[in-house]
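A quick write-up on the structure given underneath.
Read-outs throughout are calculated quantities, based only on the coordinates presented, and are distinct from any laboratory measurement. A quick note: this is a predicted structure, and the numbers were derived from the prediction, not measured. As a convention, Cβ positions derive from the backbone with ideal geometry for all residues, glycine included, and neighbour counts pool all protein chains shown.
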Amino acid sequence: MTVDCHTHLSTFDHPGQSFTAIRDSLLATMAQQGIGCALVYPDSEPGTGVSDLDTTEEIVRPCPRLRMVGTTPIPLPDSGMIARLDALAAAGTIAGVKLYPGFELFYPDDRRCDPVYELCVRHRLPVVFHSGETMGEAWREPYNHPDHIVQVARRFPALQVVIAHFSQPHLEACRDAVLECPNVHADISGLAHPEVERLCGEKAIARILEEVATRKPERVLFGTDWPIGGVEEHLRLVAALPISDEARALLLSGNAERVFALGRPLFPLPMGESSDSWTRPGSGGCGTSRGAGAALRRGGCRPPRSR
Ligand SMILES: [Zn+2]
């Protein structure tokens, strides 16, 4: 069962639609493309074109094929934010925590982030960093460069770290971080976007993914950045990689299931839902389907190039 570990409920290509309708569009896309489970990332701030923490929790909760991660702005808005994430983690509601360096002007190794990392270690949740291209403004990219993320991984060896978007266009730096640090992973979300292919080069993307998926097959995760990233295009990118069947299976599902601990039910069982319909740990899935800054600043992590 393929896991898309990086999606958003975003009005990017669903203008005027409710987040509930966008969620249903995501579920339909997943059904079409054979995606068994998707992780939904909220925006760290309310009122943008991407669902915030509260909205995401409400909308994702009824859908066994969807899981969410938590998030917070940095600096932490108040002392209650960690308590809130703590409660969400304890209840099994969140499968990780995502931070947005670059969108927000902090570095991952900023000590103000430490309470988030400590929380993740406490609950065995991964931390995901937005990395690479940010709002089409290159001056933001140093904030989320893999070199800073590696510092966090070294300081918190028990923390599982995921670099989003393979830090495109900084693919080599991301590769080096994954190869160097045993607790650093990377997702491939956005790499099959036509503009990213143009910027980084299709062959260069394929070559570097082949290298990392071959040398560290347990550390590369499938993701799309839907709705900005196309699911079909990303599946095609993975299908074309000259890697072993085992490495491909890890990339498409096994690594996400392990890193985000997707084998455990994340929400209390809905009324009338049999526990038998939930995936048990180790069974390799995500549950049973019952059916299939600025407003756009995180319409996914990549705003439209036209902006
Ligand atoms: Zn994203």
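Per-residue packing, averaged as other Cβ atoms within 10 Å, sorts the ranges 106-116, 184-194 into the order 184-194, 106-116, beginning with the highest. Each part gets one Cα centre, and for the range 1-70 versus the range 212-253 those centres are 20 Å apart. Highest mean packing first, where packing is the average number of other Cβ atoms within 10 Å per residue, the peptides 154-164, 137-147 line up as 154-164, 137-147. Relative intensity of the chain on a log10 scale, I(q)/I(0) at q = 0.13, 0.15 Å⁻¹, equals -0.84, -1.18, per a Debye sum over C-alpha point scatterers of equal strength in the absence of solvent. Amide H to amide H distances under 5 Å link Cys37 with Asp4, where only residues 5 or more positions off or on other chains count and H is placed in the peptide plane. For the chain, the mean residue ellipticity at 222 nm estimated from helices alone is -9500 deg cm²/dmol, where every DSSP H run of n ≥ 4 contributes -39500 (n - 2.57) and the total is divided by all residues, rounded to the nearest 500.
Peptides 71-79, 219-227 ordered by packing proxy, namely the average of other Cβ atoms within 10 Å per residue, highest first: 219-227, 71-79. Per-residue extension of 0.36 nm, minus the Cα-Cα distance of Glu118 and Glu172, leaves a gain of 16.6 nm for this segment. Return the long-range amide H neighbours of Ala95 (sequence gap of 5 or more, or a different chain), with a cut-off of under 5 Å between placed amide H atoms. Hits under the 5 Å cutoff: Met68, Val69, Gly70. On the principal axes of its alpha carbon atoms, the range 109-164 extends 35, 17, 16 Å, with the longest extent given first.
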